[in-house]
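Student: My questions all concern the structure below.
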Amino acid sequence: MFTYLTRRVVSAISVVIATIIASFALFFIAPSDPASAICGDTRCSQQRYEDIRKSLNLDRPVTQQFADYAGGIVFGRDYTDGGVTQHCEAPCLGYSFKTGQPVLQQIEARLPVTLTVVFGASVIFFCVGVTVGSMAARRRGTAGDRALVGATLVMSSIPYYLVALLVFLYLVILFPVLPRPGYFPIGENGPVKWFLGFLAPWLVLGIYNSTSYTRYSRGSMVEALSEDYVRTARSKGISERRVTYVHGLRSSITPVVTIYGLDIAALIVGSLFTERIFDLPGIGNLVLQSFANSDLPMIMGTVIVGAVVLVVMNLLVDIVYSFLDPRVRLS
Amino acid sequence: MSSRLFHMDGVRMSLGVDPQDQVSSEALVAVPVASTKEHGKSPSRIAFDRLRKDRMAIICACVVLFFVLVAVLAPLLCALEGQNYSDFHTELVDEFGFPTIGPNADHWFGVEPKTGRDLFAQWTYGARPSLVIAFVAAITSSVVGVVLGLTAGFLSGWVDRVISWVIDFVLSLPYLLVAIAAVPIVVGVAGGVNALSPQDNANIRFFVLIGVLVFFGWASLARLIRGEVISLREREFVAAAKVIGVPTRRVLFKELLPNLVAPIVISLSLALPAYIVAEAGLTFLGVGLIEPTPSWGQMIAKATTYYQADPLYLWLPVVGVSALTLALSWLGDSVRDAFDPKTRR
Amino acid sequence: MIRLKGTALIAAVAVIGLAACGTPSGNNKQAGGSSSDTIGGAQQKATDESAKGPAKDIDGAKKGGTMTVYAESTPSTFDPTNIYYTDGNQIAKLAFRTLTQFDIRNGKPVLVPDLAEDLGKVSADKLTWTFKLKKGIKYQDGTPVKAEDFAYAIKRSFAHDVFDAGPTYQLSYFKDADTYKGPYASGDTYSGVETPDDSTLVIHLKTPFPDLPYYGTFPMFTPIPKAKDTKQKYEQNPMTTGPYMWQSYNPGAELKLVKNPNWDASTDPVRHQYVDGWDFKWGGDAIKSQQQVLASQGPDAAAVEYDNVDSSVVPQLTGDKKAQLLQGDSPCTIVEQMDSRKIPLEVRKAIALAYNWDEMNKVSGNNSLTSAPASSILPPAVPGYTKFSVAGLTGTGQGDPAAAKAALQKAGKLGFQLSWYYSNDSQTSSQLTQARTKFLEAAGFKVKAIGVPKAQIRKYTGNYDSPVNMLFSPRGWCSDWPSGSSWFPVLFKTQSVKDGNSIGELMDPALDKKIDDISALPLDQQAGKWGALDQDILQTYVPALPFYYDKMAIVIGNKVGGAVGDPTQGLPVFTQMFVKS
């Protein structure tokens, strides 16, 4: 067990380091022009433009710059210009070209929104998926079952962002069926407005992702329901409903839990489309805006943070999975 | 082993294998197969026969074929209509960009907002990048994945460890984030200032996009193949072949590969719709294909401004992408069913 | 499953069928906006030295309420020394008072004293300016504003490494600007500013700068006490002298302002303090915010979205909602530049004939609300603008490729090659290039368009030695202050080419002299002369093709009162707004 853990942790750390190097390499060869994030086309004289470029001093050798950057992540960094020194706390991911603010600070400010969307949606997809899957399992072979399974197939085959976009355009903008999505911090707006602001993205993301849970829990529930102990329960006279939801569910839930972990990890990083379409100020939208602004430190910082989150979540899931399934450890 | 799934914001597009399919693929290779036909039908043959009898699969294949034909025959179709996809007709658009005409004899689907380009031409040509990128990327990443998976599984030792680490690394990268960061950078480096006309630029972007998709796509298949090879190589027939002195390459190609056909085909069938979705998604975000390449992803992105007054502009590419993805997904499902009836629902 | 798929297909066809009924443009309930009168018109006096506070009350104005302001593009800084852009500048006026300021009267800007008593007195040799400062002004915490605070703020603006985005006129005009590098690096002693007593500020120049009173409206001239200078952190909690002070600032996301209890209305000829507080929110999608503001539900009724209204929102501006569109002038003109060193005059005239402006406008996304076709360099918002028309340079029409071809042939230049850089990852830039290529080739030119990433384009278009002959930067210009003196000496002199800031790359000593002569005149006499020079330049040199003037067209909530456009910035005047009941 211990060797497995160490192996996984070492592998995870090496992946993070590789990501940092890769991001830096990308950054270095990028056609970057930090001044254009600040300078426009009609107000910036060439002189001003040159001044801004110089002040961001990108003319030191690569290895030096990388050492500075990597060192900054571990120890923090001091930036000096014009006689003023700023200290950037570890882990230092640099300063945004656009706003001059520390990258990590801006990412941290946006993280709660992304996490809220993902966790809220995960509650929905888990509950909906398991419920619908169980319903289908109970009615297996009937037309109802086939309809449910068919519907999940159709929905899961259409790309997510199309579904989200159509829901947004038609059910939020054109016909305001769903409340207008947005981030309304609880502090100033109260819990109701906060909740309604996330409702639309939760529903769309949740219901869309429930399809695979539906199929999976239906499959494992079908198997569970044909087990001996379930037959025994039925012959004892326990109601069908109790049989399904108490006995059947218990055994089919375990594998689902581990997939849940995997999905969450990926969703955190992949919530770009949701945030873009519903216009939520999360990390995904931050990446897209930074991309539009050519704000490279921000893009780099987000990639690194995203990779770390993904690696950590995968690591956790692997560890949990290894407890549940000893074969994994021994492979 | 824990399988990694190729995620895209909730769409479980596995280029590897769903855990629920894990059981099936193990069951599949339980019986080793000789590479000659005299001993009965090979699993591939059986699968293909099953496929032919599946009505759903035939219908889906026809839909896919329809789109492929539309894409291939696009120049012909546009010549029939008498338009091309690049001419601006700004006289058919009002000052706010809304088209002043609907579908008519000259423009079968009407014109595009703002530029006034013919929508039928845009749509038919728009099918091309999606299909080309999906097929090229799927085949390339499959080839790369199979080769590396075979090598890692068969050779083991440090080669295996290195390749496994690379696979882990690629699968741990946040795909969308890296794609957004990487595409403009790689395009900038690849194209440089030598990229001349808008057309040239778009071409470079096209290849970079395929490259990025392949970069992320090969890893799941490689891992799967590696796992299969590892379990296969301990079997008697492989050991026997080695003892006899059959050269490694022959072992790989004649003994192992036929047993891997099933997971490869399944993986390909899953990859195709995944890549179509990926390309359209990246283009929708603005990171994929750009002007002047006509593409469905771009049409969808632009349509969000005009859809209230001009729904056709939105629905044409939406139906295109959805129908194509649906057909390919269901075809993939049927393929998997054909290879292993146990997963039939 | 087959049934499901079938029904889905039928449904899709039905939608397309329904959609096919009626043309999209006809489905637009609103066609075209009412074009407001944007012609410069009569020249009213540009300055009013006698203006005194309090500012004249606005009819119907009420106190109270909170104003929310949305915008998609984020101001990059609120450090007063670092603010240059229109959005930062306009918002800064709520909190930072400066030496001088603009009062918008009848939609036109008039320069008035703000924290100074007058508009400055200049010495005979034009190198020394003396400003008498108002007495009794306090910061938001009650501490008094001292003359040395004004001096310190000016010194701070020389720390150009730290405040690299701010304006730089002081670096060119003020004394010892090449040696003084700001208070952090070069200490407190700077010969360019002096405070002989507690209510006098003296500025020493190295070359005459008659526009200095206009420059005094910039936020960098707001007083900053040295003891409170927290350098890069200053924008988190700056010292304010205006009607509002900082409550909280989340850079790139939100700024909240509340009333400043120590602002004295009787000293301020420009601003009002009707609203209780301001909430600026940036980064949200412009279309979404505009629709919210238009719907005016709840707090959005007292809201403004200051991005130009999007085409998709325009159809909703009917009936009552028409009143929620605020229009005004903007101090920017966009042009299509030609390099006069590489393209002969006859060819430039032929290019002018070939341009299909209708197509250019549509592809750029311009409409009558957000832009007007340009026929001069100066936009109508700048005093000095005169309405004239040089044939072929009106920014309208579909062009005449045949006539252009004929003109080219006559000049013996058929097949002349035109080349430029464009952003290959920007949709609009790419489409514009396609449009230009088509009509220029139809006119007998050869075209070579080179695509570079948007992130790099400035590097190429800003280098006048690049191997192209069209569309160098700047692609237009915005007035730093409402006078032709912030346009012509900057853009059309031989020096401009060296500065990388030229339109047309003209290098004519005769033109230089004309410009210098007008610059030497007193400010009030310059306006008409600049207008005449504008026409002269376009007619004689054809350095560029005027494309369009920017206009302001934004949506405001239905409870927003007192909203007018500020033609010096192209944004609404925040300091006059109030919340209707």
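The values are calculated or read from the model by the stated rules, or taken from the named source; none is laboratory data. Fair warning: this is a prediction, and the values are worked out from it, not measured in the lab. A quick note on method: Cβ atoms are made from the backbone with ideal geometry, for glycine too, and the neighbour counts reach across all protein chains shown.
Student: Let me spell it out: the conditions are (1) touching a Lys or Arg at 6+ places or on another chain (Cβ under 9 Å); (2) surrounded by fewer than 19 Cβ atoms within 10 Å (Cβ to Cβ); (3) closer than 15 Å to C:Val555 by Cα, and C:Pro299 meets all of them except one. Which number is the exception?
Tutor: (1)
Student: Are there any pairs, at least 6 apart or on different chains, whose C-beta atoms fall under 9 Å, with the first in the range C:130-148 and without any contact (Cβ under 8 Å) to a residue 60 or more places away in the chain and the second surrounded by 16 or more Cβ atoms within 10 Å (Cβ to Cβ) and part of a loop (DSSP other than H, G, I, E, B), and if so, which?
Tutor: C:Pro144/C:Ile137; C:Ala147/C:Thr195; C:Ala147/C:Ser199; C:Ala147/C:Pro223
Student: Which pairs do you get when a residue that is within 26 Å of B:Ile185 (Cα to Cα), found in the range A:1-24, comes within reach of a residue that is of a type outside the set (Lys, Arg) and assigned to a loop (DSSP other than H, G, I, E, B), reach meaning Cβ atoms under 7 angstrom, with the pair 6+ apart or on two chains?
Tutor: Cβ pairs passing all conditions: A:Thr19/B:Leu173.
Student: Which is at pLDDT 85 or above and either closer than 26 Å to B:Arg45 by Cβ or among the acidic types (Asp, Glu) (or both), of B:Leu257, B:Leu232, B:Leu221, B:Leu209? Explain how you work it out, then say what you get.
Tutor: On the way: B:Leu257 fails: at pLDDT 85 or above; B:Leu232 fails: at pLDDT 85 or above; B:Leu209 fails: either closer than 26 Å to B:Arg45 by Cβ or among the acidic types (Asp, Glu) (or both).
Going through B:Leu257, B:Leu232, B:Leu221, B:Leu209 in turn, the sole match is B:Leu221.
Student: Among the residues of the range A:88-146, write down those that are of a type in the set (Phe, Trp, Tyr) and closer than 18 Å to A:Gln289 by Cα. Quick ask: steps written out before the conclusion?
Tutor: Start the filter on the range A:88-146 by keeping residues that are of a type in the set (Phe, Trp, Tyr), which leaves A:95, A:97, A:119, A:125-126.
Of everything in the range A:88-146, those that are of a type in the set (Phe, Trp, Tyr) and closer than 18 Å to A:Gln289 by Cα turn out to be A:Tyr95, A:Phe97.
Student: Okay, moving on. Pick from A:Val163, A:Val149: which is at the interface with chain B (Cβ under 10 Å from one of its Cβ atoms), more than 30 Å from B:Asp310 (Cα to Cα) and part of a helix (DSSP H, G or I)?
Tutor: Values: A:Val163 fails: more than 30 Å from B:Asp310 (Cα to Cα).
The conditions single out A:Val149.
Student: Does the range C:552-568 include one or more residues that are of a type in the set (Ser, Thr, Tyr) and under 20 Å from C:Ser479 (Cα atoms)? Quick ask: steps written out before the conclusion?
Tutor: Step one: filter the range C:552-568 for residues of a type in the set (Ser, Thr, Tyr), giving C:568.
This time we only want the ones that are under 20 Å from C:Ser479 (Cα atoms), so: C:568.
The answer is yes, given that some residue of the range C:552-568 is of a type in the set (Ser, Thr, Tyr) and under 20 Å from C:Ser479 (Cα atoms).
Student: Checking the conditions here, which among C:Lys448, C:Lys454 is surrounded by fewer than 23 Cβ atoms within 10 Å (Cβ to Cβ), assigned to a loop (DSSP other than H, G, I, E, B) and either touching a Ser or Thr at 6+ places or on another chain (Cβ under 7 Å) or more than 9 Å from every other protein chain (Cβ to nearest Cβ) (or both)? Give the steps one after another, and end with the answer.
Tutor: Details: C:Lys448 fails: assigned to a loop (DSSP other than H, G, I, E, B).
Step by step, each of C:Lys448, C:Lys454 is checked, and only C:Lys454 is surrounded by fewer than 23 Cβ atoms within 10 Å (Cβ to Cβ), assigned to a loop (DSSP other than H, G, I, E, B) and either touching a Ser or Thr at 6+ places or on another chain (Cβ under 7 Å) or more than 9 Å from every other protein chain (Cβ to nearest Cβ) (or both).
Student: Additional query: Give just the number: which of (1) in a loop (DSSP other than H, G, I, E, B); (2) away from chain B (no Cβ under 14 Å); (3) more than 28 Å from the chain's Cα centre (by Cα) does C:Ile377 not satisfy?
Tutor: (3)
Student: Looking at the range C:419-445, which of the residues that are β-branched (Val, Ile, Thr) and under 29 Å from the mean Cα position of the chain (by Cα) is surrounded by the most Cβ atoms within 10 Å (Cβ to Cβ)?
Tutor: Step one: list which residues in the range C:419-445 are β-branched (Val, Ile, Thr), which gives C:428, C:433, C:437.
Now drop any that are not under 29 Å from the mean Cα position of the chain (by Cα), which leaves C:428, C:433.
Working: C:Thr428: 14, C:Thr433: 26.
Filtering the range C:419-445 for residues that are β-branched (Val, Ile, Thr) and under 29 Å from the mean Cα position of the chain (by Cα), the one surrounded by the most Cβ atoms within 10 Å (Cβ to Cβ) comes out as C:Thr433.
Student: On to the next question. Tally up the residues in the range B:65-112 that are in a loop (DSSP other than H, G, I, E, B) and within 11 Å of chain C (Cβ to nearest Cβ), please. Please lay out each step first, then the result.
Tutor: Just the residues of the range B:65-112 that are in a loop (DSSP other than H, G, I, E, B), to begin with: B:73, B:82-89, B:94-98, B:100-110, B:112.
From the residues that got through so far, the ones that are within 11 Å of chain C (Cβ to nearest Cβ) too are B:86-89, B:94-98, B:100-104, B:108-110, B:112.
Residues flagged as in a loop (DSSP other than H, G, I, E, B) and within 11 Å of chain C (Cβ to nearest Cβ) within the range B:65-112 amount to 18.
Student: Okay, next question. Restricting to the range A:85-100, and then to whatever is touching a residue at least 60 places away in the same chain (Cβ under 8 Å) and outside any strand (DSSP E or B), can you tell me which residue is nearest to the other protein chains (Cβ to nearest Cβ)? Spell out the reasoning first.
Tutor: Keep residues of the range A:85-100 that are touching a residue at least 60 places away in the same chain (Cβ under 8 Å), which gives A:93-98.
Narrowing further to those that are outside any strand (DSSP E or B): A:93-94, A:96-98.
Details: A:Leu93: 14, A:Gly94: 14, A:Ser96: 8, A:Phe97: 9, A:Lys98: 6 Å.
Once the filter is applied, the top-ranked residue is A:Lys98.
Student: Residues in the range B:152-206 that are more than 19 Å from B:Gly286 (Cα to Cα), assigned to a helix (DSSP H, G or I) and at pLDDT below 80: how many? I'd like the intermediate steps shown before the answer.
Tutor: From the range B:152-206, those more than 19 Å from B:Gly286 (Cα to Cα) are B:152-173, B:192-197; that's our starting set.
Retained after the next criterion (residues that are assigned to a helix (DSSP H, G or I)): B:152-155, B:157-172, B:192-194.
Still in the list and also at pLDDT below 80: B:154-155, B:172, B:192-194.
Qualifying residue count for the region: 6.
Student: Any residue at all in the range C:267-287 that's without any contact (Cβ under 8 Å) to a residue 60 or more places away in the chain and within 14 Å of chain A (Cβ to nearest Cβ)?
Tutor: Yes, because at least one residue in the range C:267-287 is without any contact (Cβ under 8 Å) to a residue 60 or more places away in the chain and within 14 Å of chain A (Cβ to nearest Cβ).
Student: In the range C:427-436, is there at least one residue being more than 13 Å from chain B (Cβ to nearest Cβ) and of a type outside the set (Asp, Glu)? Steps first, please.
Tutor: Step one: filter the range C:427-436 for residues more than 13 Å from chain B (Cβ to nearest Cβ), giving none.
Looking for residues that are more than 13 Å from chain B (Cβ to nearest Cβ) and of a type outside the set (Asp, Glu), one finds none in the range C:427-436, hence no.
Student: Restricting the search to the range C:111-131, which residues are of a type in the set (A, V, I, L, M) and crowded, with 20+ Cβ neighbours inside 10 Å?
Tutor: Here is the first cut: in the range C:111-131, the ones of a type in the set (A, V, I, L, M) are C:111-112, C:115-116, C:119, C:122, C:124, C:127.
Those that are of a type in the set (A, V, I, L, M) and crowded, with 20+ Cβ neighbours inside 10 Å: C:Leu111, C:Val112, C:Leu115, C:Ala116, C:Leu119.
Student: For B:Ile264, all conditions in the list (1) hydrophobic (A, V, I, L, M, F, W, C); (2) buried (at least 24 other Cβ atoms within 10 Å of the Cβ); (3) closer than 22 Å to B:Ala222 by Cβ hold save one; what is the number of the exception?
Tutor: Going through the list (1) hydrophobic (A, V, I, L, M, F, W, C); (2) buried (at least 24 other Cβ atoms within 10 Å of the Cβ); (3) closer than 22 Å to B:Ala222 by Cβ, B:Ile264 breaks only (2).
Student: Among what's in the range C:143-201 and is closer than 22 Å to C:Ser76 by Cα and aromatic (Phe, Trp, Tyr), pick the residue that is nearest to the chain's Cα centre (by Cα).
Tutor: This residue is C:Tyr169.
Student: Every residue in the range C:59-99 that is away from chain A (no Cβ under 14 Å) and either out of contact with any strand residue (DSSP E or B) (no Cβ under 8 Å at 6 or more places or on another chain) or among the hydroxyl-bearing types (Ser, Thr, Tyr) (or both), please.
Tutor: Restricting attention to the range C:59-99, the residues satisfying the condition of being away from chain A (no Cβ under 14 Å) are C:59-65, C:67, C:69, C:80, C:91-99.
Selection gives C:Asp59, C:Pro80, C:Ala92, C:Phe96, C:Arg97, C:Thr98.
Student: Wholly within the range B:227-345, which helices (runs of 4 or more DSSP H) include no fewer than the required count, namely at least 2 residues that are within 14 Å of chain C (Cβ to nearest Cβ) and β-branched (Val, Ile, Thr)?
Tutor: Values: elements: B:236-244, B:257-285, B:296-306, B:311-339.
Fully inside the range B:227-345 and qualifying: B:296-306, B:311-339.
Student: Further question on the same structure: Can you tell me which of (1) more than 17 Å from C:Glu336 (Cα to Cα); (2) touching a strand residue (DSSP E or B) at 6+ places or on another chain (Cβ under 7 Å) is the one C:Lys448 doesn't meet?
Tutor: Here C:Lys448 meets the rest and fails (1).
Student: Now for a separate question. Here are B:Gly126, B:Gly149: which of them is more than 11 Å from chain C (Cβ to nearest Cβ), under 30 Å from B:Ser231 (Cβ atoms) and surrounded by 24 or more Cβ atoms within 10 Å (Cβ to Cβ)?
Tutor: Numbers: B:Gly126 fails: under 30 Å from B:Ser231 (Cβ atoms).
From the options B:Gly126, B:Gly149, the qualifying one is B:Gly149.
Student: Considering each of A:Val123, A:Val117 in turn, give the residue that is farther than 18 Å from A:Phe278 by Cα and in a helix (DSSP H, G or I). I'd like the intermediate steps shown before the answer.
Tutor: Values: A:Val117 fails: farther than 18 Å from A:Phe278 by Cα.
None of the other options fit; the residue is A:Val123.
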